[in-house]
Every structure is written in structure tokens, then in C-alpha cells.
Amino acid sequence: MKSFWNFLKKNKLYGAVNLVGLTVSMAFVLLLAVYIHRQLSTDSFQQNADRIYVIANEDNVTMGYWLDKHLKNNFPEIEKGCCVANMSRVC
């Protein structure tokens, strides 16, 4: 172990590159863990959380009245639905 510390003292650029790489990779792993946790815990407080689905795109989660009616009429396995309207515009 002592020889490794001596090697790092002599090669500071090598040590800095390794430290930066470790820091970036750990940050990525933490961000990925937070993202996965949020995706898996969405609406988990609901009674039938395993039966809730959201139809959305990358930008927003709005759904018109006609889409709710169309999905209910064409897919009999849909028990309930709701329309979501986003009134605030963020540019």
C-alpha cells in the first residue's frame, strides 16, 4: 500500500484523472439510482398502484377529453380514466 501512495505522489496527473473518473462515475450511479427510485415509487401510496398507468410524452403529461373517451371505448379492460390539463406554460 505504501508503494501505491508513493506512485501516486510521483504521478499526480494519473491520480487526478483516476479521482475525477471515480467522482464522475459515482455521480452517474447516484443520479441513476435516484431516477429509478422515482420511477418505481410514482403513485405507490395509492391503493391499487400496480394498476395505474400514465400516458405521456417527453415534455408533459396532458391528455385531452377525447383521448380518454376513445381509450375507454376501444379498450374494455380500462376501468377508469381521467383527463389531465396543464394550464401553465413553461418556455
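The values are calculated or read from the model by the stated rules, or taken from the named source; none is laboratory data. Nothing here was measured: the structure is a model prediction, and the numbers come from that model. So basically every Cβ, Gly included, is an ideal-geometry build from the backbone, and we count neighbours across all protein chains shown. The area values use the complete protein model at the heavy-atom level, side chains included, leaving out ligands, DNA and RNA. Shrake-Rupley method; radii C 1.70, N 1.55, O 1.52, S 1.80 Å.
Measuring nothing but alpha carbons in the chain and taking Rh as the Kirkwood radius, the Rg to Rh ratio lands at 1.34.
Can you give me the angle between helix 65-74 and the longest principal axis of the chain, using Cα atoms only, in degrees from 0 to 90, rounded to the nearest 10? Roughly 80 degrees between the two axes.
Estimated from the Cβ-Cβ distance and a Förster radius of 30 angstrom, the FRET efficiency linking ILE78 and PHE28 is about 0.20. In straight-distance terms, cross-link reach from LYS12 covers every one of the lysines whose alpha-carbon lies under 20 Å from its own, apart from those fewer than eight places away in the same chain; here that gives LYS2.
Considering only protein heavy atoms, what per residue accessible area in square angstrom results for the chain with a 1.4 angstrom probe?
Values: 8920 Å² over 91 residues.
Value returned for the chain: 98 Å² of accessible area per residue.
The angle between the Cα long axis of helix 12-40 and the longest principal axis of the Cα atoms of the chain comes to about 20 degrees, rounded to the nearest 10.
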